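A.B. asks: A single structure is presented below for examination.
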Amino acid sequence: MADAVMARRFRPLDADASGLLPGGCASCAFWETAAHLPRECGAVCDADRVRAWMRSVEESWGSCGRVVVDDGVPLGFVKYAPAGAVPQAHNMPSGPPEPTAVLICCMHIVPEARQRGLGKVLFQAALRDLVQRGERVVQAYGVAGRVDYATSPLVGVDFLVRMGFVPVRPHPEVPLMQLELKSLATWTENLEAALEALRIPLKVPERAPAPTLRQLFDTGAEGAHGE
């Protein structure tokens, strides 16, 4: 058991790791697309575009997120980038993000690992990464109300509020939320130890051939963010 637990880790999300993303997430180009799209995962699928976008972000800024893997199997991921590098953000009904902010694009946890605290620890790892890079402000478009998180590319408002975000551009459906990272400048929590301590099944089932997003993300709002 000890060897399997030690295999659970965070790793940067970059073009080389894009294949680790579960299901259709590796090819979902929602945030990387400039044209106005319905707010659904998989509204546009283009794995080459996603990898090219990741390479561009990595070359100019660094890796664009964090992935949790357990013995090589992905448990979840969070994707983020400088706001100016996220084309779809300019189509959000609450208005564009601040140009100098980092934008949290999306986060997903596989069904077998939900409701175990992984979403919180993964999100904290993302914030720690941004603090260490010297970023000051992080923003995210939250989704409010009764939403099918199985196919939503946005993070839930309630989850963002619990992580310390506040609305800066209110909207009844898609408010723009913000967190000032200076409050996290003295973060000392050992997130790797917290990750290892989570009671998550050590062996997550392998992905089925050509699964759909709905098959992978088929639970409610809270479960989709792994709380």
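The values are calculated or read from the model by the stated rules, or taken from the named source; none is laboratory data. Because the structure is predicted, anything quoted here is derived from the model rather than measured. In this analysis, Cβ positions are derived from the backbone assuming ideal geometry, glycine residues included, and neighbour counts consider all displayed protein chains.
A.B. asks: For residue 30, state whether it is aromatic (Phe, Trp, Tyr), at pLDDT 95 or above and touching a helix residue (DSSP H, G or I) at 6+ places or on another chain (Cβ under 8 Å).
C.D. replies: yes
A.B. asks: Evaluate the range 48-60: report whether one residue or more is part of a loop (DSSP other than H, G, I, E, B), surrounded by 17 or more Cβ atoms within 10 Å (Cβ to Cβ) and in contact (Cβ under 8 Å) with a residue 24 or more places away in the chain.
C.D. replies: no
A.B. asks: Is it fair to say residue 117 is out of contact with any helix residue (DSSP H, G or I) (no Cβ under 7 Å at 6 or more places or on another chain), at pLDDT below 95 and at positive phi?
C.D. replies: So residue 117 fits the description; yes.
A.B. asks: Still on this structure, I have one more. Is it the case, given these coordinates, that residue 97 is under 23 Å from residue 171 (Cα atoms), buried (at least 19 other Cβ atoms within 10 Å of the Cβ) and more than 15 Å from the chain's Cα centre (by Cα)?
C.D. replies: The answer is yes for residue 97.
A.B. asks: Let me ask another. Given (1) under 19 Å from residue 118 (Cα atoms); (2) touching a helix residue (DSSP H, G or I) at 6+ places or on another chain (Cβ under 6 Å); (3) among the aliphatic types (A, V, I, L, M), identify the lone condition not met by residue 73.
C.D. replies: Every listed condition holds for residue 73 apart from (2).
A.B. asks: Answer yes or no: is there a residue in the range 42-49 that is under 22 Å from residue 138 (Cα atoms) and of a type outside the set (Ser, Thr, Tyr).
C.D. replies: Checked the range 42-49: no residue is under 22 Å from residue 138 (Cα atoms) and of a type outside the set (Ser, Thr, Tyr).
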